[in-house]
2 protein chains.
Amino acid sequence: MIFDDFLRGRRRDRLSSADLEILEAAASDLRTLPARRTIITRGQAVRHSTYLIDGFMCRYMDDREGERQLVAVHVPGDFVDLHAYPLETLDHDVATLTECRVALVPHDKLDAILATQANLAKLLWFSTLLDAAIHREWIFRLGRLSAAARVAHFFCEMEAKLRVIGRSDGKAFDLPLTQADLGEICGITAVHLNRMLRDLKERGLMAFRGGRVTIQDLPGLARFSEFDPGYLFVDQPGSVTSP
Amino acid sequence: MIFDDFLRGRRRDRLSSADLEILEAAASDLRTLPARRTIITRGQAVRHSTYLIDGFMCRYMDDREGERQLVAVHVPGDFVDLHAYPLETLDHDVATLTECRVALVPHDKLDAILATQANLAKLLWFSTLLDAAIHREWIFRLGRLSAAARVAHFFCEMEAKLRVIGRSDGKAFDLPLTQADLGEICGITAVHLNRMLRDLKERGLMAFRGGRVTIQDLPGLARFSEFDPGYLFVDQPGSVTSP
DNA sequence: CGAACTATTGATTCGGTTCAAGTCTTGTGG
DNA sequence: CCACAAGACTTGAACCGAATCAATAGTTCG
């Protein structure tokens, strides 16, 4: 099923099977998008939202010189640009990082859900506010943490997000990003990011190579980066990996 | 009326008078809160949300050493912690900056609105995603702008937000924050913030003194800080100050 | 095999922090 | 009304974290 990972580990029990059927029925269009493709440009009016089934996507803004700042990284189960439904137009760009399988959900189908399925609508609303909570944590990360801690914090976040959908076991996971991407996430240059990765390895916390993260000391990494997963709203911080 | 400033300048025309009456009826409790008081602490379950009628509020997170990072500054007309309705518990703290007049809206009233007033519900959802768009801009600001540009960008944002509710004429406005607050917004120390204010004054862009902003060159300030108000979703970027 | 990313390392510069001292305000009580 | 305390602001000097510039090494793919 398309929405198997939607809100996985996060009040998914409140999604009735009827709700899920309605969601599945609303997903009009399944597509595979190539890697590194911008699919929505800021300001453009959009009439459907993109649900990510498989792959990695991101949202970003760029400055006058064209330097990117990533503002979100999305994993399977994320309703990537559901924000566009109430907003009608986006303030940022949306792009794929890897090849992605997505489902497109037309906004008029969402209108029908909002008019008749209050419970489901509230859960959709919740999922957009989860993104907002993650945005806030990114503000904190950029505003208060050192470069090394920012990097570590981001890896902790990805580990937690991927764990709930069964794509991390707490020891290693795939994260198909380049060092330049990581720099654009953490607000530092790719050169400095590279040094920070070396630093994290030397501290015995983790390693990153070729899009794969190997964690040596997850509690240590969380401590080092002041990571507290509360903002991810996972039901039981323990094991929620089973479907 | 309590909700006179709600979504002012931002699709307020889509709020019917019936919608407004429902909102007014949902606001059970009017209160005046003292300045510099934390009213919601992270993790705490909340059963009502706070709409700001008058005054300034903020949302913040603090690091291990207790250093604050502000993640939002709210002005009259903002539904400050409507996020808490779908989220049920907040990931951050909410506090007043000045003395504030607020209206409390119980979440069960919002449940009723969601179940029966799809149009109003969508506008409430929109207002929370406006906050999310502002969060994204803050990420950009912290990740990509220099200290001086961050400060200038924040003042541009406040000018735009206050203008739509008729509290700025583009030349000067009250912003009752200390330099320490501004530092916690821009992710720099209060000492450096002070130097950046001097810098902005020497550039002939603006001045800040005793909680009052005097703008000498608004287009210049926007240019300097790469400020583009699109993310604030104001209907006509021009004059929308009339009630 | 070569082109084009991607990653790594070194040397230098610069923006912002830190620490420290001092001044200006504002409010309070004698 | 003045004395004083507590914030809020201002300025300087030294230091440090991150950017920049530059050169080289891997890697991947056509």
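The values are calculated or read from the model by the stated rules, or taken from the named source; none is laboratory data. In this text, all values refer to a predicted model and were calculated from it rather than measured experimentally. Methodologically, a virtual Cβ is constructed for each residue, glycine included, from the backbone with ideal geometry; neighbour enumeration extends over all protein chains shown. These accessible areas exclude ligands, DNA and RNA; they are computed on the full protein's heavy atoms, side chains included. Shrake-Rupley method; radii C 1.70, N 1.55, O 1.52, S 1.80 Å.
Worth pointing out:
- Residues considered: B:G187, B:G204, B:G166. Of these, the only one that is open to solvent by 10 Å² or more (accessible area, probe 1.4 Å), touching a helix residue (DSSP H, G or I) at 6+ places or on another chain (Cβ under 7 Å) and at pLDDT 95 or above is B:G187.
- Test result for A:F173, within 22 Å of A:T96 (Cα to Cα) and either of a type in the set (A, V, I, L, M, F, W, C) or at pLDDT below 95 (or both): yes
- Listed by first and then second residue, the pairs linking a residue in region B:131-160 that is facing chain A (nearest Cβ under 7 Å) to a residue that is in a helix (DSSP H, G or I) and of a type in the set (S, T, N, Q), with Cβ atoms under 8 Å apart and 6 or more places separating them unless they lie on different chains, are B:A132/A:T128.
- Test: residue in region A:214-222 that is part of a strand (DSSP E or B), surrounded by fewer than 16 Cβ atoms within 10 Å (Cβ to Cβ), away from chain B (no Cβ under 14 Å) and among the β-branched types (V, I, T): yes
- Matching residues, region A:115-130, being open to solvent by 10 Å² or more (accessible area, probe 1.4 Å) and at the interface with another protein chain (Cβ under 7 Å from one of its Cβ atoms): A:A115, A:A118, A:K122
- Residue check, B:G211 away from DNA strand C (no atom under 14 Å from the Cβ) and touching an Asp or Glu at 6+ places or on another chain (Cβ under 9 Å): no
- Only listed residue being among the polar types (S, T, N, Q) and within 30 Å of B:T189 (Cβ to Cβ), chosen from A:S168, A:S146: A:S146
- Pairs where the first residue, in region B:85-100, is under 23 Å from B:A180 (Cβ atoms) and outside any helix (DSSP H, G or I) and the second is open to solvent by 10 Å² or more (accessible area, probe 1.4 Å) and basic (K, R), C-beta under 6 Å, 6+ apart: B:H92/B:R42; B:D93/B:R42; B:T96/B:R37
- Put simply, of B:R42, B:R68, B:R59 the only residue that is within 11 Å of chain A (Cβ to nearest Cβ), touching a strand residue (DSSP E or B) at 6+ places or on another chain (Cβ under 6 Å) and open to solvent by less than 10 Å² (accessible area, probe 1.4 Å) is B:R59.
- Residue in region A:217-235 that is under 24 Å from A:G77 (Cβ atoms), within 12 Å of DNA strand D (Cβ to nearest atom) and within 19 Å of the chain's Cα centre (by Cα) present: no
- Residue within region A:89-112 that is within 8 Å of chain B (Cβ to nearest Cβ), farther than 24 Å from A:G66 by Cα and open to solvent by 30 Å² or more (accessible area, probe 1.4 Å) present: yes
- Odd one out for A:F173, checked against (1) within 15 Å of DNA strand D (Cβ to nearest atom); (2) of a type outside the set (G, A, S); (3) open to solvent by less than 20 Å² (accessible area, probe 1.4 Å); (4) touching an Asp or Glu at 6+ places or on another chain (Cβ under 8 Å): (1)
- Highlighted here are the helices (runs of 4 or more DSSP H) found entirely within region A:109-207 that include at least 3 residues which are touching a strand residue (DSSP E or B) at 6+ places or on another chain (Cβ under 7 Å) and outside the structural domain of A:P219 (by TED's automatic domain parsing): A:118-144.
- Look at region B:189-209: where a residue is over 13 Å from B:A149 (Cα atoms) and a partner is more than 14 Å from DNA strand C (Cβ to nearest atom) and not in a strand (DSSP E or B), sitting 6+ places away or on another chain with Cβ atoms under 7 Å, you get B:G204/B:Q216; B:G204/B:D217; B:A207/B:K201.
- Residue in region A:166-173 that is of a type in the set (S, T, Y) and touching a Leu at 6+ places or on another chain (Cβ under 6 Å) present: yes
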